[in-house]
Structures are given as structure tokens and as C-alpha cells.
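Below you'll find the structure, written out as C-alpha cells, and then a few comments.
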Number of protein chains: 2
Amino acid sequence: MPVYDDPVGGRTVQAEALLVWTSTLVQRLGAPDDIADDVAEILIASDLRGIASHGTARLPQYVKLAEAGVMNPAARPRLERGKSSLSLFDAQNGFGHHAGRVAIDHAIQLATEAGTAISIVRNSNHYGIAGWYAMRAAEKGMIGISLTNTSPLVAPTRARVSLLGTNPIAVAAPAGKYGMVVLDMATSTIPRGRIEVAARRGETLPVGWAIGPDGSSATTPAEALAGSLQPLGGEESTAGYKGYGLSLIVEMLTGILSGAAFGPNIIGLFSTAGKSDLGQFYMAIDPDAINDSGAFAARLETLIDQLTRAPLIPNAPGPVLYPGQPEAERAGRQKRDGIAIDPEHHTTLVALADKYGVPFPETRAIETTASGHGSARA
Amino acid sequence: MPVYDDPVGGRTVQAEALLVWTSTLVQRLGAPDDIADDVAEILIASDLRGIASHGTARLPQYVKLAEAGVMNPAARPRLERGKSSLSLFDAQNGFGHHAGRVAIDHAIQLATEAGTAISIVRNSNHYGIAGWYAMRAAEKGMIGISLTNTSPLVAPTRARVSLLGTNPIAVAAPAGKYGMVVLDMATSTIPRGRIEVAARRGETLPVGWAIGPDGSSATTPAEALAGSLQPLGGEESTAGYKGYGLSLIVEMLTGILSGAAFGPNIIGLFSTAGKSDLGQFYMAIDPDAINDSGAFAARLETLIDQLTRAPLIPNAPGPVLYPGQPEAERAGRQKRDGIAIDPEHHTTLVALADKYGVPFPETRAIETTASGHGSARA
């Protein structure tokens with residue numbers, strides 16, 4: 001699952017301090033307080049859950065887009081049209097995080113009345129981790145779903161060029177003593193960031209991760225980075241067409257349904273060549289509309305009991321997990337001990353702090369313990 | 001994609017004649033006309049699309065359940081509770097096909113008013129191809145989604161026992177000149193039937209399809225049939241936990257949300273040891289609630305143009321396909337030429353015809369042509 005190891009030689013920063021700093025920085029870009037707070041909340045949630053690729057490490061790219069005038073940090077989503085359970089918002093090219101928070105809250109509110117509701121957003125931007133919006137609904141006792149299209153990095157089965165995004169699917173639900181189930185997955189086998197990690201580590205790649213520019217299976221990170229990711233399932237013989245199908249369905253429910261850009265027509269999410277015009281899908285389902293209160297979460301808890309106590313395959317690296325478990329454990333630890341950031345990430349944020357005159361909060365050096373888990377000290 | 005080759009040495013039967021025969025046979029089991037018509041419609045749609053595993057070949061198993069009194073062929077679904085966009089039906093242990101047709105029609109009707117609606121069904125039975133219900137919505141210009149839980153055949157990542165079903169995801173939408181996009185996929189890498197085919201052909205299995213009873217990767221069909229299917233993605237290194245997560249989400253939206261049986265607690269779908277008590281999820285989304293009429297299908301058509309014209313990988317077995325394309329092409333051919341059924345399937349149906357005194361319709365022997373495609377002659 002996409003939780004990265006604690007960085008080696010990095011530092012920790014307290015979540016609350018990083019939250020306040022991030023919001024202040026985003027305000028300096030021209031975002032009103034409440035918009036900046038949404039952006040900060042979602043970026044820090046990502047850092048806490050160990051998804052460093054979608055957290056504050058992205059700030060330089062948001063800054064670049066705002067400075068270039070390619071996105072509008074002050075824009076507010078506008079409800080365009082809809083019916084009692086299906087709404088369309090124009091994000092007006094503002095922060096995807098803020099538009100998403102407004103859109104999922106709108107769906108939650110309508111679902112309280114109708115049992116379920118969907119908000120669709122067009123003209124949006126990168127929105128961080130898809131799971132946050134689904135979790136927002138799960139915190140209210142609902143099932144939440146969040147989808148977004150992204151710029152083309154994935155080759156459909158049989159194609160040798162990238163035509164679809166890693167188009168993630170996120171679903172969250174309340175799960176009793178387990179807190180929440182949170183599935184938050186790209187519909188490619190692995191995210192592009194995992195290939196960058198493989199490049200740094202000098203690893204070769206398993207079949208099913210990526211193809212090279214000539215369309216054959218990529219065995220090295222260099223070939224993969226010059227080629228395309230493969231959809232979940234990998235090769236046609238191992239049902240990669242299902243991952244391709246899932247990616248297409250996400251595209252259909254986001255870019256196509258919303259009237260945003262779609263598929264190969266999406267400009268790179270962090271390119272200043274033009275606006276992203278992403279489409280996003282947010283849904284809330286209220287189990288209590290058709291169940292006794294709490295019965296859904298109790299049953300889900302029972303199922304997770306059964307799954308996580310299963311006998312294991314030989315050489316299993318650990319017990320059966322439920323979706324979101326490693327991320328939730330990481331978040332609990334980092335809320336207490338501080339968020340671990342690697343040296344490069346730290347340097348980047350300090351540079352932004354200096355540039356915008358927002359002093360970066362206190363950090364502590366990570367001391368790596370024998371267990372391999374980092375712990376912080378001053 | 002799960003379209004099987006035309007059988008060798010089989011026969012063809014006209015779709016309309018098989019439809020009437022199937023409905024009459026189901027009536028003999030005690031189903032009222034309209035219920036029998038729904039069952040027949042959905043079984044023949046499956047046969048037409050080349051999904052022989054979910055069509056009339058299943059009739060002996062439905063007959064067995066009805067004769068044993070384990071399911072009630074005359075039962076009608078009852079709307080239990082709900083709100084304006086979320087309804088819960090009790091299928092009252094009747095045919096899953098009929099409950100599903102009623103439930104998706106209810107969702108389509110409510111979505112016309114609200115923009116989107118969901119029907120949840122509990123106390124249901126096997127419902128044939130998941131895609132039919134999604135296509136029902138797409139025929140009305142809507143996006144349709146259909147999910148069901150199934151009896152445990154899949155081992156979660158790291159587990160060596162079957163705890164979840166192949167829990168399919170079906171999504172359909174209108175696609176202009178392409179007719180419809182229809183994704184209809186098990187969340188396992190392959191269906192169990194594919195392993196039975198491999199056994200008949202004496203094939204070895206790729207990594208990622210199944211594990212043996214000891215939990216290690218199954219290389220022979222015998223090991224796989226004694227073990228468990230693997231979730232889409234296969235091994236943990238190729239993101240099998242994503243397929244596991246998808247299967248769990250389907251379980252959550254069907255068995256758990258509806259209050260039906262779930263996960264390892266589901267009795268085999270065709271076992272007479274007890275009722276299946278399946279949960280099913282049906283959803284309709286009306287694109288016209290937030291779009292100009294027809295705009296959604298026009299954009300989806302454009303995307304499919306872009307996908308299917310892509311340059312190909314080396315040794316591609318054909319062009320890039322869109323989900324549902326092979327099945328739609330097969331259905332068009334079989335509507336014209338008759339439905340191909342293999343000798344075993346034919347014998348089974350003739351036996352039922354004799355037993356219930358419903359003469360089986362005229363068939364024609366298949367003559368295999370040089371192209372490998374069967375054509376029928378008297």
C-alpha cells in the first residue's frame with residue numbers, strides 16, 4: 001500500500017504547526033482564509049497518512065501555478081445546475097481541494113435528506129488525496145466516494161501511448177472499532193512515484209507495472225519513465241483490461257460527465273501551459289436511511305474481524321490488512337510524534353518560507369531506531 | 001475479455017425461440033409470467049453476449065434450487081424502506097433477475113426526478129450477468145451501475161483461504177455511435193470458469209490467477225481449483241491488494257449495506273444447504289440532469305475514438321477495444337445467426353425440456369469455417 005517508509009536523515013514537524021504554516025503560505029498566494037484552510041487541512045492529512053507525494057511536498061507546484069496565473073487561488077466553486085440528488089459545480093479554476101470540500105459537504109447535506117447524493121465538479125485542479133473527501137463523508141457516518149481524472153500517464157490495454165490518467169477511486173465508510181475502511185487507489189498497477197523510487201534504488205521492475213516507449217514490458221525504471229504505466233492487472237493475460245476499464249469508468253464519471261477536459265486532452269496537472277480543467281465526482285450514501293442506526297458499521301466491523309484473522313500464505317509480510325489500515329496507523333503515530341519529512345522536502349518548504357516571509361515551524365532531527373521506525377529528537 | 005470462443009461441434013438456436021422456451025420452462029417451476037419473462041430475458045442476453053457461464057446453461061441449477069424449495073420462484077421484491085433517492089428492497093428469496101429488474105427500474109424512475117438514485121436489495125439470489133442491469137439504465141440514456149456479492153472464492157491479499165466473492169462491478173453508459181460502454185468485470189483476476197477451461201485444455205496458469213490450498217501461487221488448474229482465486233492485480237507486488245480492496249467495497253455496498261449475508265458467511269450460490277441471501281446494488285445517474293441532452297454520449301464517443309485509434313504494442317492481438325465491445329459484436333452476430341451452444345449445454349437443456357414437457361426449439365449444427373468463426377446450417 002502506498003505508505004512510504006519514514007525518510008532517513010529527515011526531520012519531523014508537528015502537524016498543527018505545519019497546518020498553520022501551510023494555510024498562511026497559501027493565503028500569501030491570494031487565497032482567502034477559508035480556502036487556504038481547506039488546502040492546508042487536506043495537504044497535512046496526506047502528510048500524516050504517509051502519502052508524501054500528495055502533501056506539502058506539492059506546495060512548490062501549486063505556488064508555480066498561482067504565480068503563473070494558470071490557476072486562481074481565490075476562486076470559489078459555483079453551483080451551476082442540478083436536481084435534488086445530483087449537482088454540478090464549476091470550480092472556476094480554483095484550488096481543487098477547496099472545490100472538493102465544498103462539493104462533498106454539499107453531497108453529504110443532500111444525502112441526509114435523500115439517502116444519497118452526488119456532486120460533480122468541472123474546471124477544477126489537482127485536489128490532493130482522493131481519500132480525504134471520502135473520509136469526510138465517513139466521519140458523518142456515511143459511505144463516501146471520490147473520483148478524479150488526471151493527466152494521461154496510463155496506456156490502455158494493447159496501446160503503446162498514454163491516453164488515460166491514473167484516475168483514482170476512493171471509497172470510505174465507518175467501520176466500528178476499526179474506525180474507517182478507506183480504499184484510495186490509483187487504477188494503474190502502481191503510481192508513477194513508485195517508479196521514481198525504483199529509479200533511486202536501482203531496482204528492476206516486475207512485469208505489469210509499465211511499458212517502455214516501444215510498447216514492450218519495461219524492465220528498468222528508465223524505460224518506464226519514458227513509456228507509460230500499465231492499468232491495474234498489468235498484461236492482457238492477467239486482466240489488465242479490467243484496470244483499463246476502471247480507469248475509463250472514472251474518466252466517464254468525472255471528465256466526461258462534468259464537461260471538463262478528459263483523457264489525452266488533459267494538460268499536465270502542474271504544467272503552466274494551460275489550465276487543468278479536471279473533473280471530479282463526490283458521492284455520499286447514508287446507510288442509516290435504510291438501516292437501524294449503527295448497524296452498517298457493526299456489520300462491517302464483523303467482516304473485518306473475519307478478514308484480518310485469516311490464516312496466512314507462506315512468507316506473508318504481515319497479517320491481512322483492511323484498506324486504509326497502514327495509513328491510519330501512520331497518521332496516529334505522526335499526530336503524536338510529528339510528521340516526518342525528508343531533507344529535500346524540508347529544504348523546499350524552507351525556501352518557500354523564506355520567499356514568502358512565513359517562518360517555517362520548529363523541526364526535530366529523526367533518530368533511526370533499531371526497529372527501523374524513526375523517532376524524533378531535538 | 002470474458003467472451004468465449006464459439007463452441008466446436010455445437011448447435012445454434014434462434015434467440016427469440018430460446019427466450020420463449022426459457023420463459024415457459026421457468027413458469028413450470030412456479031414463476032408467474034412476468035417473473036419468468038425477466039429471468040428468460042436476462043439469461044438470453046447473457047447467451048447472446050457470449051457469456052455462456054451466466055446464461056441458460058445455469059437453468060439446471062435454478063431448477064434444482066426451486067425444486068428443493070431453497071428459493072421461491074414466485075416471490076416478488078417488496079420495498080421495505082428508504083428516502084427519495086435510496087431504497088431498500090427485500091427480494092423475499094425470489095429470482096435475483098426479477099428483483100434486479102424491478103430494482104434498477106425503480107432507480108431509473110427516481111433518477112429521472114432526482115438526477116440519481118440507488119436501489120439496494122437483500123435476501124436475493126444469483127442474478128446472472130451484472131451488466132444487464134447497468135445496460136437497462138444505459139438504454140434510457142443514463143449511467144447504470146450494478147454490483148452483487150457472491151459466495152467466497154477469493155483470498156484477500158496475504159490470506160490463504162477464500163473469504164470474499166468474485167464480487168463483480170458493472171457500469172454501462174450510452175456512447176453515441178458506439179452504442180454503449182459496458183464494463184462487467186469480476187474483481188478477481190479471472191473467473192473460476194476460466195480455470196475450468198484451463199483444466200480442460202491442460203494449460204498451466206500465469207502467476208496472479210490463483211493460489212493453491214497451501215497459499216502458494218497455483219501453477220496447475222488442479223491446485224487452483226482446490227485453492228482460491230486471487231484478486232485483480234494478483235500478487236502483493238503487482239497490487240493485488242487493490243483488487244482485494246475493490247472486492248471488499250462491493251461487499252460493503254451489497255451484503256453489508258443491505259443487511260444480507262456477506263463474505264465468508266454466504267452459502268454457495270447453487271447449494272441447497274440454505275438460501276443465498278445475497279445483497280445487490282443498483283444505481284442510475286442521469287447525465288441530462290446536469291448536461292445538455294446528448295452531450296454526455298457525444299463526449300464519450302470522442303474519447304472512445306481517441307482510445308481505439310491508438311498505436312499498438314508489438315504483437316497486439318487486435319486493436320484497442322472499449323469495454324463491452326466484443327460482447328456487443330457477439331450479440332449482434334448471434335441475434336442474426338442464432339445462439340451457439342455446445343453439445344453438453346444442448347443436452348442439458350433438452351433434458352429439462354423433456355422433464356417439464358416443454359419441447360426444445362429447432363437447432364442447427366454449427367459448421368466451422370476457415371476463419372474459425374462458426375456458421376450455422378440445418
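The values are calculated or read from the model by the stated rules, or taken from the named source; none is laboratory data. Note that the coordinates shown come from a computational prediction; the quantities given were computed from them, not determined experimentally. Using ideal geometry, Cβ is built from the backbone for each residue, glycine included, and neighbour counts are taken over all protein chains shown. Surface accessibility is based on the protein's heavy atoms, side chains included, excluding ligands, DNA and RNA. Shrake-Rupley method; radii C 1.70, N 1.55, O 1.52, S 1.80 Å.
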Open item on the list: What figure, in Å² to the nearest 10, do you get for the accessible area of A:W209 with a 1.4 Å probe and non-protein molecules left out?
Closed with: 20 Å²
Task: Surface accessible to a 1.4 Å probe, A:K335 within the full protein complex, Å² - done: 130 Å²
- [ ] Using only atoms on other chains, find how many Cβ atoms lie within 10 Å of each Cβ of peptide A:277-287 and report the average.
- [x] 2
TODO: Please say if chain A is rounded, prolate or oblate, where rounded means a/c under 1.5 for a ≥ b ≥ c the square roots of the C-alpha gyration tensor eigenvalues, and otherwise the choice is prolate for a/b larger than b/c and oblate otherwise?
DONE: rounded
Task: Relative contact order for the range A:86-164, counting Cα pairs under 8 Å that sit 6 or more residues apart, in percent - done: 27 percent
Open item on the list: Run the reach check for A:K140 against aspartates and glutamates, Cα to Cα strictly under 13 Å, same-chain hits fewer than 8 apart removed. What comes back?
Closed with: A:D105, A:D286, A:D288
Task: Cβ-based net charge around A:E327, under 13 Å, with every Lys or Arg adding one and every Asp or Glu removing one - done: +1
TODO: Using R₀ = 45 Å, calculate the FRET efficiency as 1/(1 + (r/R₀)^6) where r is the Cβ-Cβ separation of A:R364 and A:L312; round to 0.05.
DONE: 0.75
- [ ] Find the relative contact order for the range B:221-378 and round it to a whole percent, using C-alpha pairs within less than 8 Å whose residues are 6+ positions apart.
- [x] 8 percent
TODO: Please work out whether the range B:55-148 counts as rounded, prolate or oblate from its C-alpha gyration tensor, where a ≥ b ≥ c are the square roots of the eigenvalues and a/c under 1.5 means rounded, while otherwise a/b larger than b/c means prolate and anything else oblate?
DONE: oblate
Open item on the list: Net charge around B:A298, counting only other residues with Cβ within less than 14 Å of its Cβ (Lys, Arg = +1; Asp, Glu = -1)?
Closed with: -2
TODO: Please find, in a Gaussian network model of chain A (springs between Cα atoms separated by less than 10 Å), the residue of A:F270, A:F281, A:F262 whose mean-square fluctuation is greatest.
DONE: A:F270
- [ ] Would you work out what percent of the accessible area of the protein assembly as shown, with all protein chains in place, is carbon or sulfur (probe 1.4 Å)?
- [x] 51 percent
Open item on the list: Please give the Cα centre distance for the range A:115-181 versus the range A:284-356, rounded to the nearest Å.
Closed with: 15 Å
Open item on the list: Below 11 angstrom from the Cβ of B:G141, what's the summed charge of the other residues (Lys, Arg +1; Asp, Glu -1)?
Closed with: -2
Task: Label-to-label distance, nm, for residues given as A:L79 and B:T204 (7 Å Cα→Cβ offset) - done: 6.2 nm
- [ ] Find the relative contact order for chain B and round it to a whole percent, using C-alpha pairs within less than 8 Å whose residues are 6+ positions apart.
- [x] 23 percent
Task: Pairwise centroid distance, computed over Cα atoms, of the range B:220-271 with the range A:20-61, Å - done: 37 Å
Open item on the list: So with the 1.4 Å probe, I'd like the accessible area per residue for the range A:1-145, rounded to whole Å².
Closed with: 32 Å²
Task: Using a Förster distance of 30 Å, the FRET efficiency for B:D288-A:A295 (Cβ separation, nearest 0.05) - done: 0.25
Task: Charged-residue dipole, Cβ positions (Lys, Arg, Asp, Glu), chain B about Cα centre, Debye nearest 20 - done: 300 debye
Task: Protein heavy-atom accessible area occluded, A/B pair - total, 1.4 Å probe, Å² - done: 7700 Å²
Task: Calculated FRET efficiency for the pair A:F270/B:Y356, C-beta based, R₀ 56 Å, to 0.05 - done: 0.30
TODO: Assuming a ≥ b ≥ c are the square roots of the Cα gyration tensor eigenvalues, decide whether the range A:152-259 counts as rounded (a/c under 1.5), prolate (otherwise, with a/b larger than b/c) or oblate.
DONE: oblate
Open item on the list: Charges at C-beta only: +1 for Lys and Arg, -1 for Asp and Glu. How large is the resulting dipole of the protein assembly as shown about its Cα centre, in Debye rounded to 20?
Closed with: 220 debye
- [ ] At a 1.4 Å probe radius, which order do B:E203, A:E327, B:E41 fall into by accessible area, largest first?
- [x] B:E41, B:E203, A:E327
Open item on the list: Give me the three principal axis extents of the protein assembly as shown from the C-alpha atoms, as integers in angstrom, largest value leading.
Closed with: 88, 51, 47
